[in-house]
1. Whether any residue in segment B:147-157 is more than 18 Å from the chain's Cα centre (by Cα), surrounded by fewer than 20 Cβ atoms within 10 Å (Cβ to Cβ) and at negative phi is what I want to check.
2. From the set of residues in segment B:149-188 that are touching a helix residue (DSSP H, G or I) at 6+ places or on another chain (Cβ under 8 Å) and small (Gly, Ala, Ser), which is nearest to the other protein chains (Cβ to nearest Cβ)?
3. All but one of (1) over 15 Å from the mean Cα position of the chain (by Cα); (2) assigned to a helix (DSSP H, G or I); (3) surrounded by 18 or more Cβ atoms within 10 Å (Cβ to Cβ) hold for A:Trp172; state the number of the condition that does not hold.
4. I'd like to check something: does segment B:118-139 contain any residue that is more than 24 Å from B:Thr40 (Cα to Cα), surrounded by fewer than 17 Cβ atoms within 10 Å (Cβ to Cβ) and either touching a Phe, Trp or Tyr at 6+ places or on another chain (Cβ under 7 Å) or aromatic (Phe, Trp, Tyr) (or both)?
5. For segment A:55-87: of the residues being of a type in the set (Asp, Glu) and within 12 Å of chain B (Cβ to nearest Cβ), which is farthest from A:Met19 (Cα to Cα)?
6. Is it the case that some residue within segment A:16-28 is of a type in the set (Asp, Glu), at pLDDT 95 or above and either under 23 Å from B:Arg210 (Cα atoms) or over 13 Å from the mean Cα position of the chain (by Cα) (or both)?
7. Could you pull out the residue among B:Ile46, B:Ile90, B:Ile52 that is buried (at least 22 other Cβ atoms within 10 Å of the Cβ), part of a helix (DSSP H, G or I), away from every other protein chain (no Cβ under 14 Å) and within 21 Å of the chain's Cα centre (by Cα)?
8. I'd like the full set of residues that are closer than 16 Å to B:Arg69 by Cβ and in contact (Cβ under 8 Å) with a residue 12 or more places away in the chain, limited to segment B:7-20.
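The values are calculated or read from the model by the stated rules, or taken from the named source; none is laboratory data. All values reported here derive from a predicted model rather than from experimental measurement. Glycine gets a Cβ as well: all are built from the backbone with ideal geometry, and neighbour counts include every protein chain shown.
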Number of protein chains: 2
Amino acid sequence: MRDAFHEDLDKISDQLVTMTTMVATALERATAALLEGDRTVAESVIAADDDIDTLRREIDDLAVDLLARQQPVATDLRMVVTAMHMSSDIERMGDLARHIAKVARMAAPNLAVPDDMRPIIAEMAAVGQRLVKATGDAISSKDVYAAVEIGRIDDAMDELHKKVFTTLLDNWQHGMEAGVNATLLSRYYERFGDHAVAVADRIVYLVTGRYGNPDEGLSRDAH
Amino acid sequence: MRDAFHEDLDKISDQLVTMTTMVATALERATAALLEGDRTVAESVIAADDDIDTLRREIDDLAVDLLARQQPVATDLRMVVTAMHMSSDIERMGDLARHIAKVARMAAPNLAVPDDMRPIIAEMAAVGQRLVKATGDAISSKDVYAAVEIGRIDDAMDELHKKVFTTLLDNWQHGMEAGVNATLLSRYYERFGDHAVAVADRIVYLVTGRYGNPDEGLSRDAH
(Lines give C-alpha, C1' and ligand atoms only; values in the text may rest on other atoms or scores of the structure.)
Protein backbone atom coordinates (compact mmCIF):
# COMPACT_ATOMS: atom_id res chain seq x y z
CA MET A 1 0.00 0.00 0.00
CA ARG A 2 1.21 3.52 -0.86
CA ASP A 3 1.80 5.96 1.98
CA ALA A 4 -0.14 9.22 2.18
CA PHE A 5 2.61 11.23 0.49
CA HIS A 6 2.82 8.95 -2.53
CA GLU A 7 -0.95 8.71 -2.80
CA ASP A 8 -1.11 12.50 -3.02
CA LEU A 9 1.73 12.54 -5.50
CA ASP A 10 -0.07 9.94 -7.63
CA LYS A 11 -3.12 12.20 -7.59
CA ILE A 12 -1.04 15.13 -8.84
CA SER A 13 0.46 12.92 -11.53
CA ASP A 14 -3.03 11.81 -12.62
CA GLN A 15 -4.14 15.44 -12.82
CA LEU A 16 -1.14 16.29 -14.99
CA VAL A 17 -2.10 13.45 -17.34
CA THR A 18 -5.67 14.81 -17.39
CA MET A 19 -4.25 18.20 -18.37
CA THR A 20 -2.44 16.58 -21.32
CA THR A 21 -5.68 14.99 -22.56
CA MET A 22 -7.45 18.36 -22.32
CA VAL A 23 -4.59 19.96 -24.24
CA ALA A 24 -4.75 17.19 -26.88
CA THR A 25 -8.44 17.95 -27.40
CA ALA A 26 -7.72 21.68 -27.58
CA LEU A 27 -5.02 21.19 -30.21
CA GLU A 28 -7.18 18.85 -32.28
CA ARG A 29 -10.16 21.19 -32.25
CA ALA A 30 -8.05 24.32 -32.83
CA THR A 31 -6.52 22.68 -35.89
CA ALA A 32 -9.95 21.60 -37.16
CA ALA A 33 -11.22 25.16 -36.71
CA LEU A 34 -8.19 26.42 -38.59
CA LEU A 35 -8.41 24.02 -41.52
CA GLU A 36 -12.19 24.31 -41.83
CA GLY A 37 -12.59 28.02 -41.06
CA ASP A 38 -15.05 27.13 -38.30
CA ARG A 39 -15.59 30.06 -35.97
CA THR A 40 -17.83 28.15 -33.53
CA VAL A 41 -15.21 25.47 -32.93
CA ALA A 42 -12.53 28.15 -32.57
CA GLU A 43 -14.63 29.96 -29.95
CA SER A 44 -15.15 26.76 -28.00
CA VAL A 45 -11.39 26.08 -27.86
CA ILE A 46 -10.75 29.62 -26.64
CA ALA A 47 -13.43 29.28 -23.94
CA ALA A 48 -12.26 25.81 -22.84
CA ASP A 49 -8.74 27.07 -22.13
CA ASP A 50 -10.04 28.43 -18.82
CA ASP A 51 -10.61 24.85 -17.66
CA ILE A 52 -6.98 23.98 -18.36
CA ASP A 53 -5.84 27.08 -16.47
CA THR A 54 -8.10 26.18 -13.54
CA LEU A 55 -6.76 22.62 -13.38
CA ARG A 56 -3.22 23.99 -13.44
CA ARG A 57 -3.99 26.17 -10.40
CA GLU A 58 -5.56 23.19 -8.63
CA ILE A 59 -2.44 21.12 -9.27
CA ASP A 60 -0.22 23.90 -7.95
CA ASP A 61 -2.41 24.26 -4.86
CA LEU A 62 -2.29 20.50 -4.29
CA ALA A 63 1.49 20.59 -4.63
CA VAL A 64 1.91 23.48 -2.19
CA ASP A 65 -0.48 21.79 0.22
CA LEU A 66 1.52 18.58 -0.06
CA LEU A 67 4.76 20.43 0.67
CA ALA A 68 3.21 22.08 3.72
CA ARG A 69 1.64 18.91 5.15
CA GLN A 70 4.27 16.29 4.33
CA GLN A 71 7.46 18.35 4.30
CA PRO A 72 9.16 16.03 1.82
CA VAL A 73 12.93 16.12 1.30
CA ALA A 74 15.38 14.80 -1.32
CA THR A 75 13.76 13.00 -4.28
CA ASP A 76 10.23 13.33 -2.88
CA LEU A 77 10.65 17.09 -2.69
CA ARG A 78 12.12 17.19 -6.22
CA MET A 79 9.10 15.27 -7.53
CA VAL A 80 6.64 17.81 -6.15
CA VAL A 81 8.63 20.76 -7.48
CA THR A 82 8.92 19.05 -10.86
CA ALA A 83 5.15 18.52 -10.98
CA MET A 84 4.67 22.26 -10.57
CA HIS A 85 7.05 22.98 -13.43
CA MET A 86 5.27 20.43 -15.61
CA SER A 87 1.87 21.97 -14.93
CA SER A 88 3.28 25.27 -16.12
CA ASP A 89 4.57 23.78 -19.40
CA ILE A 90 1.35 21.87 -20.09
CA GLU A 91 -0.76 24.95 -19.38
CA ARG A 92 1.37 26.82 -21.89
CA MET A 93 0.68 24.11 -24.49
CA GLY A 94 -3.00 24.82 -23.93
CA ASP A 95 -2.37 28.54 -24.43
CA LEU A 96 -0.72 27.79 -27.76
CA ALA A 97 -3.74 25.76 -28.90
CA ARG A 98 -5.84 28.80 -27.92
CA HIS A 99 -3.56 31.04 -30.00
CA ILE A 100 -4.08 28.75 -33.00
CA ALA A 101 -7.84 28.96 -32.44
CA LYS A 102 -7.59 32.75 -32.36
CA VAL A 103 -5.90 32.81 -35.76
CA ALA A 104 -8.71 30.56 -37.06
CA ARG A 105 -11.38 32.82 -35.54
CA MET A 106 -9.85 35.98 -37.01
CA ALA A 107 -10.05 34.54 -40.56
CA ALA A 108 -13.33 32.55 -40.29
CA PRO A 109 -15.36 31.75 -42.30
CA ASN A 110 -12.38 32.16 -44.61
CA LEU A 111 -9.30 30.02 -44.16
CA ALA A 112 -6.25 31.53 -42.47
CA VAL A 113 -3.84 29.41 -44.50
CA PRO A 114 -3.77 28.87 -48.27
CA ASP A 115 -4.26 25.42 -49.79
CA ASP A 116 -0.61 24.58 -50.35
CA MET A 117 0.21 25.30 -46.70
CA ARG A 118 -2.59 23.09 -45.32
CA PRO A 119 -0.74 19.75 -45.55
CA ILE A 120 2.23 21.13 -43.56
CA ILE A 121 -0.04 22.58 -40.88
CA ALA A 122 -2.00 19.33 -40.70
CA GLU A 123 1.26 17.44 -40.28
CA MET A 124 2.46 19.81 -37.56
CA ALA A 125 -0.83 19.22 -35.75
CA ALA A 126 -0.40 15.43 -36.08
CA VAL A 127 3.13 15.63 -34.65
CA GLY A 128 1.73 17.84 -31.88
CA GLN A 129 -0.81 15.12 -31.05
CA ARG A 130 1.94 12.50 -30.85
CA LEU A 131 3.94 14.82 -28.60
CA VAL A 132 1.18 15.57 -26.13
CA LYS A 133 0.16 11.89 -26.00
CA ALA A 134 3.78 10.88 -25.38
CA THR A 135 4.03 13.58 -22.70
CA GLY A 136 1.04 12.14 -20.82
CA ASP A 137 2.47 8.61 -21.13
CA ALA A 138 5.91 9.68 -19.90
CA ILE A 139 4.42 11.51 -16.89
CA SER A 140 2.40 8.41 -16.08
CA SER A 141 5.23 5.90 -16.54
CA LYS A 142 8.23 8.05 -15.47
CA ASP A 143 10.03 6.12 -18.19
CA VAL A 144 13.15 8.03 -19.22
CA TYR A 145 13.24 6.33 -22.61
CA ALA A 146 9.67 7.42 -23.30
CA ALA A 147 10.76 10.90 -22.30
CA VAL A 148 13.77 10.85 -24.63
CA GLU A 149 11.50 9.68 -27.47
CA ILE A 150 9.65 12.98 -27.10
CA GLY A 151 12.80 14.80 -28.21
CA ARG A 152 12.99 12.60 -31.30
CA ILE A 153 9.35 13.29 -32.19
CA ASP A 154 9.99 17.00 -31.72
CA ASP A 155 12.79 16.85 -34.32
CA ALA A 156 10.02 16.20 -36.87
CA MET A 157 8.22 19.33 -35.65
CA ASP A 158 11.36 21.41 -36.07
CA GLU A 159 11.77 20.11 -39.62
CA LEU A 160 8.19 21.11 -40.44
CA HIS A 161 8.80 24.53 -38.90
CA LYS A 162 11.77 25.01 -41.25
CA LYS A 163 9.65 23.79 -44.16
CA VAL A 164 7.08 26.52 -43.48
CA PHE A 165 9.79 29.18 -43.74
CA THR A 166 11.20 27.62 -46.90
CA THR A 167 7.70 27.73 -48.37
CA LEU A 168 7.26 31.36 -47.30
CA LEU A 169 10.58 32.54 -48.70
CA ASP A 170 10.33 30.57 -51.95
CA ASN A 171 8.13 32.64 -54.23
CA TRP A 172 5.11 32.96 -51.90
CA GLN A 173 2.01 33.96 -53.88
CA HIS A 174 -0.57 34.39 -51.14
CA GLY A 175 0.11 37.87 -49.83
CA MET A 176 1.31 39.22 -46.53
CA GLU A 177 -1.73 38.39 -44.35
CA ALA A 178 -1.50 34.68 -45.16
CA GLY A 179 2.28 34.95 -44.68
CA VAL A 180 1.92 36.49 -41.23
CA ASN A 181 -0.62 33.80 -40.28
CA ALA A 182 1.65 30.99 -41.47
CA THR A 183 4.62 32.47 -39.59
CA LEU A 184 2.69 32.74 -36.34
CA LEU A 185 0.96 29.35 -36.66
CA SER A 186 4.22 27.57 -37.37
CA ARG A 187 5.76 29.25 -34.34
CA TYR A 188 2.82 28.16 -32.16
CA TYR A 189 3.05 24.50 -33.18
CA GLU A 190 6.82 24.56 -32.79
CA ARG A 191 6.57 26.07 -29.28
CA PHE A 192 3.93 23.47 -28.42
CA GLY A 193 6.60 20.85 -29.15
CA ASP A 194 9.24 22.72 -27.13
CA HIS A 195 7.08 22.57 -24.02
CA ALA A 196 6.58 18.80 -24.47
CA VAL A 197 10.39 18.51 -24.62
CA ALA A 198 10.70 20.64 -21.48
CA VAL A 199 8.41 18.21 -19.62
CA ALA A 200 10.45 15.28 -20.96
CA ASP A 201 13.71 16.89 -19.82
CA ARG A 202 12.29 17.27 -16.34
CA ILE A 203 11.38 13.58 -16.23
CA VAL A 204 14.88 12.59 -17.38
CA TYR A 205 16.44 14.87 -14.76
CA LEU A 206 14.17 13.56 -12.02
CA VAL A 207 14.93 9.91 -12.76
CA THR A 208 18.62 10.13 -13.71
CA GLY A 209 19.75 13.29 -11.89
CA ARG A 210 21.13 14.73 -15.13
CA TYR A 211 19.93 16.50 -18.21
CA GLY A 212 20.02 14.99 -21.70
CA ASN A 213 20.06 11.50 -23.12
CA PRO A 214 20.02 8.91 -20.32
CA ASP A 215 22.01 6.46 -22.45
CA GLU A 216 24.98 8.78 -22.33
CA GLY A 217 24.59 9.00 -18.59
CA LEU A 218 24.15 5.23 -18.24
CA SER A 219 27.20 4.47 -20.36
CA ARG A 220 29.23 6.92 -18.29
CA ASP A 221 28.03 5.14 -15.17
CA ALA A 222 29.06 1.76 -16.59
CA HIS A 223 32.72 2.75 -16.94
CA MET B 1 18.10 40.79 12.59
CA ARG B 2 16.59 38.48 9.97
CA ASP B 3 16.24 34.79 10.76
CA ALA B 4 18.01 32.17 8.65
CA PHE B 5 14.97 31.50 6.48
CA HIS B 6 14.44 35.13 5.56
CA GLU B 7 18.15 35.67 4.97
CA ASP B 8 18.09 32.80 2.46
CA LEU B 9 14.92 34.16 0.89
CA ASP B 10 16.54 37.60 0.58
CA LYS B 11 19.44 35.95 -1.19
CA ILE B 12 17.07 34.29 -3.67
CA SER B 13 15.31 37.61 -4.22
CA ASP B 14 18.67 39.31 -4.87
CA GLN B 15 19.56 36.62 -7.41
CA LEU B 16 16.25 37.14 -9.19
CA VAL B 17 17.00 40.86 -9.42
CA THR B 18 20.46 40.00 -10.79
CA MET B 19 18.75 37.86 -13.42
CA THR B 20 16.62 40.84 -14.47
CA THR B 21 19.73 43.01 -14.92
CA MET B 22 21.34 40.28 -17.05
CA VAL B 23 18.18 40.07 -19.12
CA ALA B 24 18.10 43.87 -19.49
CA THR B 25 21.63 43.76 -20.88
CA ALA B 26 20.72 40.90 -23.21
CA LEU B 27 17.70 42.76 -24.58
CA GLU B 28 19.65 45.99 -25.05
CA ARG B 29 22.49 44.25 -26.90
CA ALA B 30 20.18 42.04 -28.95
CA THR B 31 18.31 45.13 -30.12
CA ALA B 32 21.58 46.92 -30.92
CA ALA B 33 22.73 43.90 -32.94
CA LEU B 34 19.40 43.92 -34.74
CA LEU B 35 19.33 47.61 -35.58
CA GLU B 36 23.02 47.77 -36.54
CA GLY B 37 23.34 44.38 -38.26
CA ASP B 38 26.20 43.51 -35.91
CA ARG B 39 26.93 39.78 -35.96
CA THR B 40 29.57 39.92 -33.20
CA VAL B 41 27.20 41.53 -30.74
CA ALA B 42 24.47 39.06 -31.73
CA GLU B 43 26.81 36.12 -31.09
CA SER B 44 27.76 37.50 -27.68
CA VAL B 45 24.10 37.77 -26.63
CA ILE B 46 23.46 34.19 -27.75
CA ALA B 47 26.51 32.94 -25.82
CA ALA B 48 25.68 34.94 -22.68
CA ASP B 49 22.23 33.34 -22.41
CA ASP B 50 23.91 30.30 -20.84
CA ASP B 51 24.83 32.45 -17.84
CA ILE B 52 21.18 33.39 -17.35
CA ASP B 53 20.15 29.74 -17.60
CA THR B 54 22.85 28.76 -15.09
CA LEU B 55 21.73 31.42 -12.61
CA ARG B 56 18.17 30.19 -12.98
CA ARG B 57 19.24 26.65 -12.04
CA GLU B 58 21.19 28.01 -9.07
CA ILE B 59 18.10 29.88 -7.88
CA ASP B 60 15.96 26.76 -8.23
CA ASP B 61 18.55 24.69 -6.35
CA LEU B 62 18.69 27.32 -3.61
CA ALA B 63 14.89 27.27 -3.39
CA VAL B 64 14.67 23.48 -3.20
CA ASP B 65 17.47 23.44 -0.62
CA LEU B 66 15.61 26.06 1.41
CA LEU B 67 12.40 24.00 1.29
CA ALA B 68 14.29 20.90 2.44
CA ARG B 69 16.21 22.60 5.27
CA GLN B 70 13.63 25.04 6.61
CA GLN B 71 10.35 23.28 5.77
CA PRO B 72 8.44 26.54 5.50
CA VAL B 73 4.64 26.63 5.56
CA ALA B 74 1.93 29.16 4.68
CA THR B 75 3.18 32.46 3.26
CA ASP B 76 6.84 31.53 3.64
CA LEU B 77 6.28 28.42 1.54
CA ARG B 78 4.33 30.42 -1.06
CA MET B 79 7.20 32.88 -1.32
CA VAL B 80 9.72 30.16 -2.13
CA VAL B 81 7.42 28.54 -4.70
CA THR B 82 6.73 31.95 -6.25
CA ALA B 83 10.47 32.61 -6.55
CA MET B 84 10.84 29.42 -8.60
CA HIS B 85 8.04 30.48 -10.93
CA MET B 86 9.62 33.92 -11.31
CA SER B 87 13.01 32.47 -12.20
CA SER B 88 11.28 30.51 -14.95
CA ASP B 89 9.63 33.63 -16.40
CA ILE B 90 12.80 35.73 -16.22
CA GLU B 91 14.84 32.96 -17.86
CA ARG B 92 12.29 32.91 -20.65
CA MET B 93 12.72 36.68 -21.10
CA GLY B 94 16.42 35.95 -21.62
CA ASP B 95 15.53 33.29 -24.21
CA LEU B 96 13.48 35.85 -26.10
CA ALA B 97 16.41 38.30 -26.17
CA ARG B 98 18.48 35.40 -27.57
CA HIS B 99 15.81 34.79 -30.24
CA ILE B 100 16.01 38.46 -31.24
CA ALA B 101 19.81 38.14 -31.46
CA LYS B 102 19.38 35.07 -33.69
CA VAL B 103 17.23 37.03 -36.14
CA ALA B 104 19.94 39.73 -36.15
CA ARG B 105 22.68 37.14 -36.75
CA MET B 106 20.80 35.48 -39.59
CA ALA B 107 20.57 38.80 -41.50
CA ALA B 108 23.95 40.36 -40.54
CA PRO B 109 25.72 42.30 -41.89
CA ASN B 110 22.44 43.27 -43.52
CA LEU B 111 19.56 44.54 -41.42
CA ALA B 112 16.70 42.17 -40.61
CA VAL B 113 14.14 44.97 -40.55
CA PRO B 114 13.57 47.69 -43.15
CA ASP B 115 14.02 51.36 -42.29
CA ASP B 116 10.36 52.18 -41.72
CA MET B 117 10.02 49.34 -39.18
CA ARG B 118 13.09 50.39 -37.16
CA PRO B 119 11.39 53.08 -35.03
CA ILE B 120 8.67 50.64 -33.93
CA ILE B 121 11.21 47.94 -33.03
CA ALA B 122 13.33 50.50 -31.17
CA GLU B 123 10.26 51.58 -29.25
CA MET B 124 9.34 47.97 -28.40
CA ALA B 125 12.88 47.50 -27.08
CA ALA B 126 12.60 50.67 -24.98
CA VAL B 127 9.30 49.47 -23.49
CA GLY B 128 10.97 46.08 -22.89
CA GLN B 129 13.72 47.84 -20.92
CA ARG B 130 11.16 49.68 -18.79
CA LEU B 131 9.37 46.37 -18.18
CA VAL B 132 12.42 44.39 -17.09
CA LYS B 133 13.63 47.27 -14.90
CA ALA B 134 10.18 47.51 -13.28
CA THR B 135 10.18 43.74 -12.79
CA GLY B 136 13.47 43.86 -10.89
CA ASP B 137 12.19 46.76 -8.78
CA ALA B 138 8.90 44.99 -7.99
CA ILE B 139 10.71 41.79 -6.96
CA SER B 140 12.97 43.83 -4.73
CA SER B 141 10.23 45.94 -3.14
CA LYS B 142 7.31 43.45 -3.22
CA ASP B 143 5.24 46.55 -3.90
CA VAL B 144 1.92 45.53 -5.46
CA TYR B 145 1.44 48.94 -7.02
CA ALA B 146 4.83 48.69 -8.73
CA ALA B 147 3.71 45.26 -9.94
CA VAL B 148 0.42 46.59 -11.29
CA GLU B 149 2.31 49.38 -13.08
CA ILE B 150 4.04 46.62 -15.10
CA GLY B 151 0.69 45.70 -16.62
CA ARG B 152 0.17 49.31 -17.65
CA ILE B 153 3.61 49.53 -19.26
CA ASP B 154 2.86 46.28 -21.09
CA ASP B 155 -0.25 47.83 -22.62
CA ALA B 156 2.14 50.05 -24.61
CA MET B 157 3.95 46.92 -25.81
CA ASP B 158 0.67 45.40 -26.98
CA GLU B 159 -0.17 48.57 -28.89
CA LEU B 160 3.22 48.46 -30.65
CA HIS B 161 2.67 44.79 -31.47
CA LYS B 162 -0.63 45.71 -33.17
CA LYS B 163 1.12 48.56 -34.99
CA VAL B 164 3.62 46.09 -36.47
CA PHE B 165 0.77 44.03 -37.92
CA THR B 166 -0.99 47.12 -39.24
CA THR B 167 2.26 48.11 -40.96
CA LEU B 168 2.68 44.62 -42.38
CA LEU B 169 -0.84 44.38 -43.72
CA ASP B 170 -0.99 47.92 -45.09
CA ASN B 171 0.78 47.81 -48.46
CA TRP B 172 4.08 46.27 -47.23
CA GLN B 173 6.82 46.82 -49.84
CA HIS B 174 9.74 44.94 -48.32
CA GLY B 175 9.06 41.37 -49.33
CA MET B 176 8.30 38.21 -47.41
CA GLU B 177 11.63 37.68 -45.63
CA ALA B 178 11.47 41.09 -43.96
CA GLY B 179 7.80 40.40 -43.23
CA VAL B 180 8.56 37.09 -41.54
CA ASN B 181 11.32 38.76 -39.51
CA ALA B 182 9.05 41.60 -38.41
CA THR B 183 6.31 39.13 -37.44
CA LEU B 184 8.65 37.03 -35.31
CA LEU B 185 10.49 39.98 -33.74
CA SER B 186 7.24 41.66 -32.76
CA ARG B 187 6.07 38.41 -31.21
CA TYR B 188 9.35 38.07 -29.26
CA TYR B 189 9.15 41.57 -27.78
CA GLU B 190 5.47 41.11 -27.00
CA ARG B 191 6.14 37.78 -25.21
CA PHE B 192 8.99 39.45 -23.32
CA GLY B 193 6.38 41.82 -21.91
CA ASP B 194 3.96 38.98 -21.12
CA HIS B 195 6.55 37.30 -18.90
CA ALA B 196 7.15 40.56 -17.03
CA VAL B 197 3.40 40.71 -16.43
CA ALA B 198 3.42 37.09 -15.25
CA VAL B 199 6.05 37.97 -12.63
CA ALA B 200 4.00 41.01 -11.61
CA ASP B 201 0.85 38.89 -11.25
CA ARG B 202 2.74 36.52 -8.95
CA ILE B 203 3.81 39.42 -6.74
CA VAL B 204 0.25 40.72 -6.56
CA TYR B 205 -1.03 37.25 -5.69
CA LEU B 206 1.65 36.71 -3.06
CA VAL B 207 0.96 40.00 -1.32
CA THR B 208 -2.82 40.23 -1.68
CA GLY B 209 -3.87 36.59 -2.07
CA ARG B 210 -5.73 37.37 -5.25
CA TYR B 211 -5.05 37.90 -8.92
CA GLY B 212 -5.53 41.19 -10.72
CA ASN B 213 -5.59 44.83 -9.73
CA PRO B 214 -5.06 45.20 -5.96
CA ASP B 215 -7.17 48.37 -5.88
CA GLU B 216 -10.21 46.34 -6.81
CA GLY B 217 -9.31 43.91 -4.07
CA LEU B 218 -8.70 46.69 -1.59
CA SER B 219 -11.96 48.42 -2.40
CA ARG B 220 -13.79 45.11 -2.02
CA ASP B 221 -12.11 44.69 1.36
CA ALA B 222 -13.22 48.15 2.43
CA HIS B 223 -16.91 47.39 2.01
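1. At the first step, the residues of segment B:147-157 found to be more than 18 Å from the chain's Cα centre (by Cα) are none.
There is no residue in segment B:147-157 that is more than 18 Å from the chain's Cα centre (by Cα), surrounded by fewer than 20 Cβ atoms within 10 Å (Cβ to Cβ) and at negative phi.
2. Checked segment B:149-188; the qualifying residue nearest to the other protein chains (Cβ to nearest Cβ) is B:Gly179.
3. Tallying (1) over 15 Å from the mean Cα position of the chain (by Cα); (2) assigned to a helix (DSSP H, G or I); (3) surrounded by 18 or more Cβ atoms within 10 Å (Cβ to Cβ), A:Trp172 fails exactly one: (2).
4. Among the residues of segment B:118-139, not one is more than 24 Å from B:Thr40 (Cα to Cα), surrounded by fewer than 17 Cβ atoms within 10 Å (Cβ to Cβ) and either touching a Phe, Trp or Tyr at 6+ places or on another chain (Cβ under 7 Å) or aromatic (Phe, Trp, Tyr) (or both), which makes the answer no.
5. A:Asp76
6. There is no residue in segment A:16-28 that is of a type in the set (Asp, Glu), at pLDDT 95 or above and either under 23 Å from B:Arg210 (Cα atoms) or over 13 Å from the mean Cα position of the chain (by Cα) (or both).
7. Being buried (at least 22 other Cβ atoms within 10 Å of the Cβ), part of a helix (DSSP H, G or I), away from every other protein chain (no Cβ under 14 Å) and within 21 Å of the chain's Cα centre (by Cα) holds for just one of B:Ile46, B:Ile90, B:Ile52, which is B:Ile52.
8. B:Asp8, B:Leu9, B:Lys11, B:Ile12
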